[in-house]
Amino acid sequence: MNINKPNLSRRDFFKAGSIIVGGITVATALTPFDGLLFATEPPKGKGKWYGIGIDINKCIGCGNCAKACKLENNVPKDPFYFRSWVEQYTIKNDGSVLVESPNGGIDGFKQSVPDEEIFKSFFVPKMCNHCAKSPCVQVCPVGATFETPEGIVLVDENYCIGCRYCVQACPYGCRFINPEKGTAEKCTLCIHRLDKGMQPACFEMCPTEARIFGDLNDPGSKINYFLKNHTCMVIKPNLNTGSKLFYNALSPEVR
Amino acid sequence: MTQHIQHLYEVLSKVDGYVYPNEIELNWSILIVLYPYITGLVAGAFILASLERIFKLHVLRPTYGIALLTALSFMLVATMPLVSHLGKPQRAYEIMVTPHLSSAMAIFGFVYLWYLMVVLLLEIWFDYRRDMIIWAGETTGLKRFLYRAFSLWSTDISPKAVALDNKLGYIVTIIGVPSAFLLHGYVGFIFGSIKANPWWSTVLMPVIFLFSAIVSGIALVMLVYIVITSIRKLKIDMPCVDTIASYLFYILLIDFVLEGLDQIHRIYIAEESFDVLHNLVFGRLFFTLFIMQGLIGTVIPLLTLGTLQFYKPKIQIRKAIYTVIAALILIGIFFMRWNVVIGGQLFSKSFYGYTSFKIGLIGTEGYLMAAFWLIVPFIILSFLLWLFPPWKKKEDDHEIQVG
């Protein structure tokens, strides 16, 4: 009987074999380049995974949060360096938008628009969004900025080279270069206080409890309660940064 | 330090509309304008040299050596503005030792080293090895030592060895062209990949950077060639310069079309950032964009070079025109980098306002420092031209080609 055997010589076998083995080796060697897919990676947190909520309806623009942050974290006092600040939005009757933040709101606000011209006005506290897909972490050339397993984005100031690429990459303007240290600086969610079981300074100083933070992985946490009971939004959702700073009553004018 | 803060207060008084408080300070200043400018000159000069070698365009022969040495001179300086701009320059090596692979910037060190060590130095070495050995025999003292050292004490100038030099040099050139494209396309990616910044974030950025790089590199080599021949009181090789000028015209045209396409696309899709960018372009960027980059750096050179494609005045006049046009293009491309780097930081990412930029004369970020980093490559080039004069090379080099 004539059986149709595939015509596979030893040579072909080795050829095919080496292609497969070589391919696997190359693919393995290329694994570090997974990093390039950074912004499409899902969040990794399994334990605590911190998220922040801010209720714009509750913010009275006292600026305590911004002041507390500067004091607690020894942030340079000049009005060019903020880890946390407050913006006042005034939407006029003609639809134009005025945004102000004198000294980050630390000294409070004065409304510069006459009452009769105002359609509505509100305060928006700003801080690091602790993004799950942080553009700043992605672009740091030495890995000095990183995300902790709890989802807090930090900078290792002993490692940062001060190239300022992260400052450029942050869509929310939350980073600056410390003029004395020459390295990048940003909100740490007061991790030094969290470690001691305390709240971040800005949360503690907020007189109206407009700020909430907690573990997004814990269904019973304050932050999850906040998210369930309010219609929350992040700033610039189109940028897909995986922001974990959720605002209640966020107007589309806020950027 | 206090001076810096004082400067920021001054800027604060010039803020128009609302900018995030951390945005008042411009993070990337003139040194970062120089970085893409200088790497662009390198890539462009190298590509011009490669045209001669790969496509055997012998009419470009007089500029081959000059182009390579120009590329090397600027390449040696390319990282200096970057490193001196760092907040912690002493940690710059970390970018090579512990690169963070998801960062576009982290790869720069490797792309740079690949280009400098593997491509440029090797190509120049293979090209000059025989000449260095010959020159070592004809000179004495330090020069002789330098030739010996740079030729790595090799002595073989048999036809076989020279043929091998040529063959390897040819291979390096072939690797070099995509490398030059990579180097500068990559520099564009550093900006183009920042999604937070709508002025930078365009997929065309690497391509635009690449073509503007080629334009600037070719203009530079043309200018250097004309100046050197004038200094040496030699007759200029007009067919060579005419050919370079025609390449310059076509590539400048492509560059212009690409940048035009980018702007038309922005205007047509008119995204959220449109208003802020529109006001930027017609406000704080008007002079550098429309006058310096557009009119002086693009439209005038395009019209002039275009006219010269079918109307050729006398050699002396042509030479003068080419000199002026090359200089204008170099100025224009400098402002193109300026408009990208500085322009991209003048508006707030809140899209509600603008900060301003003032540059001082002195200081690490001042005009003088920038001028210094632009002059150093020419000093290096003078030294290289003295040590490795391309015009003293034994000719017939690339005739012994691979196959």
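Binning at 10 angstrom from zero up to the longest distance, how are the C-alpha pair distances of segment A:50-248 distributed in percent?
9, 34, 38, 16, 3, 0
If each residue's Cβ is checked for other Cβ atoms within 10 Å, how do B:Arg232, B:Arg284 rank with the fewest at the top?
By the 10 Å Cβ count, ascending, the order reads B:Arg232, B:Arg284.
Need the full-extension length gain, B:Ser201 to B:Thr98, defined as separation in residues times 0.36 nm minus the C-alpha distance. One decimal, nm.
34.4 nm
Once amide H atoms are built 1.01 Å from N in the peptide plane, which residues 5 or more positions from A:Phe213, or in another chain, come under 5 Å H to H?
A:Gly53
Roughly how many Å is it from the Cα centre of segment B:48-116 to that of segment A:97-116, as a whole number?
A separation of 49 Å, based on Cα centres.
Determine, at each q value in 0.06, 0.08, 0.14 (inverse angstroms), the log₁₀ of I(q)/I(0) that the Debye formula gives when each Cα of chain B is one equal point scatterer.
-0.26, -0.46, -1.28
Using per-residue counts of other Cβ atoms within 10 Å, averaged over each peptide, order A:71-83, B:206-218 from highest down.
Top to bottom by mean Cβ count within 10 Å: B:206-218, A:71-83.
Under the definition of Cα pairs under 8 Å and six or more residues apart, what whole-number percent is the relative contact order of chain B?
It rounds to 30 percent for chain B.
What distance in nm lies between label points placed 7 Å from Cα along the C-beta direction at B:Val257 and B:Gln316?
3.8 nm
What order do you get for A:98-107, B:182-191 when each peptide is scored by the mean count of other beta carbon atoms within 10 Å, highest first?
B:182-191, A:98-107
Summing -39500 (n - 2.57) over the DSSP H runs of n ≥ 4 in the protein assembly as shown and dividing by its residue number, what mean residue ellipticity at 222 nm do you reach, to the nearest 500 deg cm²/dmol?
Value at 222 nm, helices only: -16000 deg cm²/dmol.
For peptide B:21-34, what's the mean number of Cβ atoms from other chains within 10 Å of each residue's Cβ?
5
Anything over 30 Å Cα to Cα? Flag those among B:Lys319/B:Lys392; A:Lys110/B:Lys88; A:Lys110/B:Lys195; A:Lys46/B:Lys195; A:Lys58/B:Lys88, in the order listed.
With Cα atoms farther than 30 Å apart: A:Lys110/B:Lys88; A:Lys110/B:Lys195; A:Lys58/B:Lys88.
Which ³J(HN,Hα) values in Hz, rounded to whole numbers, follow from the phi angles of segment B:383-391 under the Karplus curve 6.51 cos²θ - 1.76 cosθ + 1.60, where θ = phi - 60° and Gly and Pro get x?
Taking θ as phi minus 60°, the curve returns 4, 5, 5, 6, 7, 10, x, x, 6 Hz for segment B:383-391.
What are the aspartates and glutamates whose alpha-carbon lies under 17 Å from the alpha-carbon of B:Lys349, with same-chain residues fewer than 8 places away excluded?
Within reach: A:Glu87, A:Glu100, A:Glu253, B:Asp16, B:Glu23, B:Glu25, B:Glu271, B:Glu272, B:Asp275.
Rounded to two decimals, what is Rg over Rh for segment B:73-170 when you use alpha-carbon atoms and the Kirkwood radius?
So for segment B:73-170, dividing Rg by the Kirkwood Rh gives 1.13.
Measure nothing but the geometry: give the 0 to 90° angle between the long axis through the Cα atoms of B:2-13 and the longest principal axis through the Cα atoms of chain B, rounded to 10°.
Approximately 60 degrees, to the nearest ten.
Report, by chain and number, residues whose modeled amide H sits under 5 Å from the one on A:Phe119, excluding near sequence neighbours (fewer than 5 apart, same chain).
A:Ile91, A:Lys92, A:Asn93
Determine ³J(HN,Hα), in whole Hz, for all residues of segment B:173-188 in sequence, where each value follows from phi through the Karplus function 6.51 cos²θ - 1.76 cosθ + 1.60 and θ = phi - 60°; x replaces Gly and Pro.
Once θ is set to phi - 60°, the couplings for segment B:173-188 become 4, 5, 5, x, 5, x, 5, 5, 4, 4, 4, 8, x, 5, 4, x Hz.
Give me the net charge for the shell around A:Val113: Cβ to Cβ below 12 angstrom, other residues only, Lys and Arg +1, Asp and Glu -1.
Overall, the nearby charge balance is -2.
Give the angle, between 0 and 90 degrees and rounded to the nearest 10, that separates the Cα long axis of helix B:315-341 from the longest principal axis of the Cα atoms of chain B.
Long axis of B:315-341 versus the principal axis of chain B: about 40 degrees.
So how do B:Arg318, B:Arg129, A:Arg11 line up by other beta-carbon neighbours within 10 Å, fewest first?
Lowest to highest Cβ neighbour count: A:Arg11, B:Arg318, B:Arg129.
What distance in nm separates the simple spin-label points at A:Lys228 and B:Thr243, each placed 7 Å from Cα in the Cβ direction?
So the two model labels end up 7.7 nm from each other.
Show which aspartates and glutamates lie in cross-link reach of B:Lys56 when reach means a straight Cα distance below 19 angstrom and same-chain residues fewer than eight apart are skipped.
B:Glu123, B:Asp127, B:Asp165, B:Asp237, B:Asp242, B:Glu395, B:Asp396, B:Asp397, B:Glu399
Mind checking the mean number of beta-carbon atoms from other chains within 10 Å of the Cβ atoms in B:87-93?
For this peptide, the per-residue mean of nearby foreign Cβ atoms is 6.
Can you divide the C-alpha Rg of the protein assembly as shown by 2.2 N^0.38 Å and report the result to two decimal places?
Taking the Cα Rg and dividing by 2.2 N^0.38 Å, one obtains 1.12.
I need the peptides A:167-179, A:150-162 ranked by packing, meaning the mean over residues of other C-beta atoms within 10 angstrom, with the highest value on top.
In decreasing order of mean packing, A:167-179, A:150-162 become A:167-179, A:150-162.
Using θ = phi - 60° and the Karplus relation 6.51 cos²θ - 1.76 cosθ + 1.60, list the HN-Hα couplings for segment B:102-109 in order, rounded to whole Hz, with x at every Gly or Pro.
Listing the rounded values in order: 7, 8, 4, 6, 4, 7, 4, x Hz.
In degrees between 0 and 90, to the nearest 10, how far off the longest principal axis of chain B does helix B:205-231 point, with axes built from Cα atoms?
Value to nearest ten degrees: 50.
Work out the mean other chain Cβ neighbour count within 10 Å for the residues of B:3-9 and drop it here as an integer.
Across the residues of B:3-9, the mean count of other-chain Cβ atoms within 10 Å is 3.
Read the figures in this text as sums done on the coordinates, not as results from a lab. Note that this is a predicted model, so its numbers are computed, not measured. Quick reminder, even Gly has a Cβ in these numbers, built from the backbone with ideal geometry, and neighbours come from all protein chains shown.
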